[in-house]
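**Student:** Here it is: the structure, laid out below.
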Amino acid sequence: VIVALGDTGNDEAVQNKARRLYEAWKTDRSSVDPNVIDAVVSLCAKGGDAVLYNEFLQYYRRAGNPQDEGRFLSSLSRFRDSNLLGQTLTHALDPNTIRTQDAPFTVAQVLGNAEGARAAWQFIKDNWDKLVALYPESGVVRMCESITSLDDAELEADVQAFFKERQVAGGKLALQQAMEMQRINVAFRRTQSPALA
């Protein structure tokens with residue numbers, strides 16, 4: 001509900017409260033309900049700048065537990081600034097920054113970010129051979145499944161053309177299902193957008 005209000009609803013009061021809670025959490029982690037901190041960090045990332053991005057990156061690198069590591073790694077794909085999302089994609093190619101088992105999910109999350117989707121798809125195309133060589137087979141499959149968020153007819157055609165020439169090892173059926181869901185999402189967007197405008 002917090003993320004829906006602060007992100008989808010773009011509610012400034014919720015966004016401001018998230019920033020205040022994050023500042024309080026930095027000083028005293030027990031001051032914020034642990035069930036809320038993921039939403040708080042996510043909303044802060046949505047409106048965050050380069051300073052906050054670097055702060056989150058350091059929290060990820062120095063995380064003392066899996067919860068903080070996952071929370072702050074995930075946050076790096078939620079910023080709106082295209083340059084910061086580009087940095088996240090670059091980090092996904094560096095196993096010293098993001099482990100190869102985690103990196104495909106990071107790329108998938110940027111693909112699911114409306115501000116980063118096109119850049120993430122271009123990144124996948126430009127670096128396909130490196131990604132396939134670097135990431136575990138199952139991670140490549142999961143990354144490719146995220147094409148469902150590319151709900152634009154032009155991108156759908158590009159995805160179809162790209163995968164016509166390439167195989168996803170161990171993921172033929174999953175890729176077919178993802179492309180079918182992408183087709184449905186494109187059609188849904190086309191039919192529903194006029195009413196929502």
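**Student:** Among residues other than D126 whose Cβ falls under 15 Å from its Cβ, what is the net charge (Lys/Arg +1, Asp/Glu -1)?
**Tutor:** Every neighbour counted, the sum reads +1.
**Student:** Pulled fully out, how much extra length does the chain show between N10 and S138, if you take 0.36 nm times their separation in residues and subtract their Cα-Cα distance?
**Tutor:** Between N10 and S138, full extension yields 42.6 nm more.
**Student:** Something else now. Give me Rg/Rg_expected for the range 1-105, where Rg uses Cα atoms only and Rg_expected = 2.2 N^0.38 Å with N residues.
**Tutor:** Taking N as the residue count of the range 1-105, the ratio is 1.04.
**Student:** Quick one: check the C-alpha center-to-center distance for the range 131-150 versus the range 12-57, whole angstrom.
**Tutor:** 29
**Student:** To the nearest 10 degrees, how steeply does helix 37-46 sit against the main Cα axis of the chain, on a 0 to 90 scale?
**Tutor:** In the chain, helix 37-46 runs at an angle near 70 degrees to the longest axis.
**Student:** While we're looking at this one, here's another question. Mean separation of Cα pairs under 8 Å and 6+ residues apart, divided by the residue count of the chain: what relative contact order is that in percent?
**Tutor:** 13
**Student:** A follow-up question, please. Explain nothing, just the number: relative contact order of the range 82-197, from Cα pairs under 8 Å at least 6 residues apart, as a whole percent.
**Tutor:** In percent, rounded to a whole number, it is 24.
**Student:** Right, another one. State in Å² the accessible area per residue of the range 139-197; use a 1.4 Å probe, count heavy atoms of protein chains only, and round to the nearest integer.
**Tutor:** Numbers: 3640 Å² over 59 residues.
Per-residue accessible area for the range 139-197 comes out at 62 Å².
**Student:** Continuing with this model, one more query. Tell me the per residue accessible area of the range 1-136 using a 1.4 Å probe; a whole number in Å² is fine.
**Tutor:** Normalised by residue count, the accessible surface of the range 1-136 is 51 Å².
**Student:** Taking just the C-alpha trace of the chain, give me its Rg and Dmax in Å.
**Tutor:** 17.7, 53
**Student:** Can I ask one more? Which lysines have a Cα lying under 28 Å from the Cα of K17, excluding residues fewer than 8 positions away in the same chain?
**Tutor:** Qualifying lysines at Cα under 28 Å: K26, K46.
**Student:** Another question, if that's okay. Per the 1.4 Å probe, what fraction of the accessible area of the chain, in percent, lies on carbon and sulfur atoms?
**Tutor:** 50
**Student:** Something else about it: Please grab the % of Cα pairs in the range 17-57 that end up more than 16 Å from each other. List each step's numbers first, then the result.
**Tutor:** Values: 220 of 820 pairs.
When every Cα pair of the range 17-57 is considered, 27 percent fall beyond 16 Å.
**Student:** So if we plug the beta-carbon distance of S30 and V51 into 1/(1 + (r/R0)^6) with R0 = 25 Å, what FRET efficiency do we get, rounded to 0.05?
**Tutor:** Approximately 0.50, to the nearest 0.05.
**Student:** While we're looking at this one, here's another question. What lysines could a cross-link reach from K164, if we take a straight Cα to Cα line under 16 Å and drop same-chain neighbours fewer than 8 places away?
**Tutor:** K125, K172
**Student:** Let me ask something additional. So what is the 222 nm mean residue ellipticity for the chain from helices alone, if each DSSP H run of at least 4 adds -39500 (n - 2.57) and you divide by all residues, rounding to the nearest 500 deg cm²/dmol?
**Tutor:** The helix contribution divided over the chain gives -20500 deg cm²/dmol.
**Student:** Could you work out the equivalent-ellipsoid semi-axes for the range 83-145, taking the square root of 5 times each eigenvalue of the Cα gyration tensor, largest first, in whole Å?
**Tutor:** 16, 13, 10
**Student:** At a threshold of 8 angstrom on Cα-Cα distance, excluding pairs fewer than six apart, so keeping six or more, what relative contact order does the range 80-131 reach in percent?
**Tutor:** Contact order relative to length: 34 percent.
The values are calculated or read from the model by the stated rules, or taken from the named source; none is laboratory data. Everything numeric here is computed off the predicted structure, so don't read it as measured data. Virtual Cβ from ideal backbone geometry, glycine too; neighbours counted across all protein chains shown. We work out accessible area using only protein heavy atoms, side chains counted, and drop any ligands, DNA or RNA first. Shrake-Rupley method; radii C 1.70, N 1.55, O 1.52, S 1.80 Å.
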